[in-house]
Amino acid sequence: MNLTLRVWRQAGPKAPGRMVEYKAADISPEASFLEMMDVVNETLTLRGDEPIAFDHDCREGICGMCSMMINGVAHGPNRGTATCQLHMRSFEDGALIYIEPWRVRAFPVVKDLCVDRSALDRIVAAGGFITAATGGAQDANSVLVSKADADLAMDAAACIGCGACAAACPNGSASLFTGAKISHLGQLPQGQPERYRRALAMVEQHDAEGFGGCTLHGECQLACPKEISIDTIARMHRDFLVGAATTREERSGSGVG
Amino acid sequence: MNRATRFWRSTVGKKIVMAVSGIIMIGFLILHAAGNLQIFESSAKLNTYSAFLHGPANELLWVVRIVLFVAVIAHIVSAYQLTMLDRAARPVPYAQKKLQAATIGSRTMRVGGVLLALFIVLHILHFTTLTLQPAPMAAGDVYGNAIASFRIWWVTAFYVIAMIALGLHLYHGAWSSARTLGFEQGHSDPFHRPVAVTLAVLIWAGFTIVPVAVFFHWIS
């Protein structure tokens, strides 16, 4: 296959960027999208040009590192897959392919297609944990969880934190990520003590990072490589609402020790 | 920080304000449409209803007006602030961007909202204060005023267009406000929205039928 690529090139965080055209020649239709990028980089390196920087790690759809906006769609045209799971057979021979980094203020470009997604880590650090000491692994049935709750929690926990939701969102909102992290713990008994405080703290951190607000376009759900439902956003709203109505500030020096 | 401030400062808090104020307005729209439809019964029926609202029910009418005014202002202020936050969240646009899920309803919320705000002002100046009189109008004669106004093609056209904007706004707003308040879809497809579609179609049809019926002389 022969393809024309238009790729965002940016030398560094402060450097100006632009779209640059490259030819990708003799690409196997069996190659993955990232392998196609490897081939292009190989030719660039041999030519003495700077190769295109892009994030990748496991290349099997579980790590959440790959992050490319391909022809205006996060992770490319296939549903429920990350960029690494996309193959060149999904494109026509001779196609023109636009490749851009995630464009969100909270994800500053590091170089070319690499963006800094530590904003997502800070959202998790704000509340995406439980405070109970877990100790060794308990007997599986010592804490009872209904099948329905376990399913919802597991579906939300499938989030790999790639940031495609915020990249695809017309408002640049990471609500699907935040909602998935909030509702994955909020659905389980172990997550109950901090449930509402968690929702408040994580939403506040989400906003502080400069993400936009959710208007329920639903773009995130179709962009998500794990097909996480926007129902998690509804659950986030509910926990936030209850939290805003009931949560008290912690007071120091009170209580009987 | 105090609880109300924290709530209002967050994008979710503003979104909840939009949802609650929107639902208040939907409630009003249902009453308003039901009131309008009395035009099909008789002129006396509609004018008696109007006289009732402005006579014995006057205090109640003012309570409703104040609640609606607060709801509209809250809706506009939060919409404006959220729009600015959303714009700031993506300073560099994509060279290529394809939308996959957004409906015509969700895409036209902002432009449709501005059109509806303009419509509300003109509509109040038209039928409530009688400041704008496309045709000679008289205080208290709601039926006569409606007939006189909607016989004019551009008045009817303006109302019909505004009601299309309203229908689209409700198609997205009635569905999304419920989800903003935390209701989950019992359905496997989270975009499934039978209640919102029914509400949007009924309210749109209830309002559109009056100017159209007058224009085509189905009512005389």
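Okay, residues lined up against (1) surrounded by fewer than 20 Cβ atoms within 10 Å (Cβ to Cβ); (2) assigned by TED's automatic domain parsing to the domain that holds A:MET69:
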site: A:CYS84; (1), (2): no, yes
site: A:SER90; (1), (2): yes, yes
site: A:ASP93; (1), (2): yes, yes
site: A:GLU100; (1), (2): no, yes
site: A:GLY128; (1), (2): no, no
- Matching residues in the range A:178-233 - criterion: being surrounded by 21 or more Cβ atoms within 10 Å (Cβ to Cβ), free of Cβ contacts under 8 Å to residues at least 24 places away in the same chain and among the small types (Gly, Ala, Ser): A:GLY218
- Message: Condition first: more than 9 Å from chain B (Cβ to nearest Cβ), assigned to a loop (DSSP other than H, G, I, E, B) and in contact (Cβ under 8 Å) with a residue 60 or more places away in the chain. Can you find one or more residues in the range A:244-257 that meet it?
- Response: no
- Note on the structure: Every listed condition ((1) part of a helix (DSSP H, G or I); (2) in the same structural domain as A:ASP207 (by TED's automatic domain parsing); (3) surrounded by fewer than 20 Cβ atoms within 10 Å (Cβ to Cβ)) holds for A:ILE123 save (3)
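Residue-by-condition table, conditions (1) more than 8 Å from every other protein chain (Cβ to nearest Cβ); (2) more than 30 Å from A:ASN78 (Cβ to Cβ); (3) part of a helix (DSSP H, G or I); (4) within 15 Å of the chain's Cα centre (by Cα):
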residue	(1), (2), (3), (4)
A:ARG197	yes, yes, yes, no
A:GLN205	yes, yes, yes, no
A:PHE211	no, no, no, yes
A:LEU216	no, no, no, no
A:LYS226	yes, no, no, yes
A:ILE233	no, no, yes, yes
A:MET236	no, no, yes, no
A:PHE240	no, yes, yes, no
- Item | Members of the range B:176-205 that are more than 7 Å from chain A (Cβ to nearest Cβ), surrounded by 18 or more Cβ atoms within 10 Å (Cβ to Cβ) and in a helix (DSSP H, G or I) | B:SER177, B:ALA178, B:ALA196, B:LEU199, B:ALA200, B:ILE203, B:TRP204
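Please state which one of B:ALA101, B:ALA71 is closer than 23 Å to B:VAL195 by Cα, within 14 Å of chain A (Cβ to nearest Cβ), touching a helix residue (DSSP H, G or I) at 6+ places or on another chain (Cβ under 6 Å) and among the small types (Gly, Ala, Ser).
Going through B:ALA101, B:ALA71 in turn, just one is closer than 23 Å to B:VAL195 by Cα, within 14 Å of chain A (Cβ to nearest Cβ), touching a helix residue (DSSP H, G or I) at 6+ places or on another chain (Cβ under 6 Å) and among the small types (Gly, Ala, Ser): B:ALA101.
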- Conditions (1) within 12 Å of chain A (Cβ to nearest Cβ); (2) over 20 Å from the mean Cα position of the chain (by Cα): number failed by B:THR48: (1)
- Item | Residue identified as more than 13 Å from chain B (Cβ to nearest Cβ) and not in a strand (DSSP E or B) among A:GLY76, A:GLY128 | A:GLY128
- Task: Given the conditions (1) assigned to a loop (DSSP other than H, G, I, E, B); (2) in contact with a His (Cβ under 6 Å, 6 or more places away or on another chain), report the number of the one that A:LEU34 does not fulfil.
- Result: (1)
- Across the range A:79-106, which residue is farthest from A:ILE228 (Cα to Cα) among those that are at the interface with chain B (Cβ under 10 Å from one of its Cβ atoms) and aromatic (Phe, Trp, Tyr)? A:TYR98
- Message: Please go through the range A:79-118 and give me each residue that is assigned to a loop (DSSP other than H, G, I, E, B), within 17 Å of the chain's Cα centre (by Cα) and aliphatic (A, V, I, L, M), ordered by number.
- Response: A:ALA82, A:LEU86, A:ALA106, A:LEU113
- Taking interchain pairs and intrachain pairs at least six residues apart, which have beta carbon atoms under 9 angstrom, with the first residue in the range B:81-97 and within 18 Å of B:LYS14 (Cβ to Cβ) and the second part of a helix (DSSP H, G or I) and aliphatic (A, V, I, L, M)? B:LEU82/B:MET18; B:ALA89/A:ALA166
- Item | Cβ pairs under 6 Å, 6+ apart, first in the range A:144-164 and closer than 13 Å to A:ASP231 by Cβ, second part of a helix (DSSP H, G or I) | A:ALA153/A:HIS184; A:ALA156/A:ALA180; A:ALA156/A:SER183; A:ALA156/A:HIS184; A:ALA156/A:THR232
- (1) more than 22 Å from A:ILE70 (Cα to Cα); (2) within 18 Å of the chain's Cα centre (by Cα): which one isn't true of A:LEU176, the others all being true? (1)
- Is it true that some residue in the range A:22-34 is in contact with a Gly (Cβ under 8 Å, 6 or more places away or on another chain) and within 18 Å of A:MET1 (Cβ to Cβ)? yes
- Query: Hey, any hits in the range B:11-24 for a residue that's touching a helix residue (DSSP H, G or I) at 6+ places or on another chain (Cβ under 8 Å), more than 9 Å from chain A (Cβ to nearest Cβ) and of a type in the set (Lys, Arg)?
  - Reply: no
- Message: So in the range B:170-205, with the set limited to residues that are of a type outside the set (D, E, K, R) and in contact with a Lys or Arg (Cβ under 7 Å, 6 or more places away or on another chain), which one is modelled with the lowest pLDDT?
- Response: B:GLY182
- Within the range A:1-48, considering residues that are among the charged types (D, E, K, R) and surrounded by 12 or more Cβ atoms within 10 Å (Cβ to Cβ), the one nearest to A:ASP116 (Cα to Cα): A:ARG9
- For the range A:52-61, name all the residues that are surrounded by 15 or more Cβ atoms within 10 Å (Cβ to Cβ) and either among the aromatic types (Phe, Trp, Tyr) or out of contact with any Pro (no Cβ under 7 Å at 6 or more places or on another chain) (or both). A:ILE52, A:ALA53, A:PHE54, A:ASP55, A:HIS56, A:ARG59
- Task: Given the conditions (1) more than 9 Å from every other protein chain (Cβ to nearest Cβ); (2) in contact with a Phe, Trp or Tyr (Cβ under 9 Å, 6 or more places away or on another chain), report the number of the one that A:ASN171 does not fulfil.
- Result: (1)
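The values are calculated or read from the model by the stated rules, or taken from the named source; none is laboratory data. The model shown is predicted, which means the values in this text are computed figures rather than measured ones. All Cβ positions, glycine included, derive from the backbone under ideal geometry; neighbour counts span all protein chains shown.
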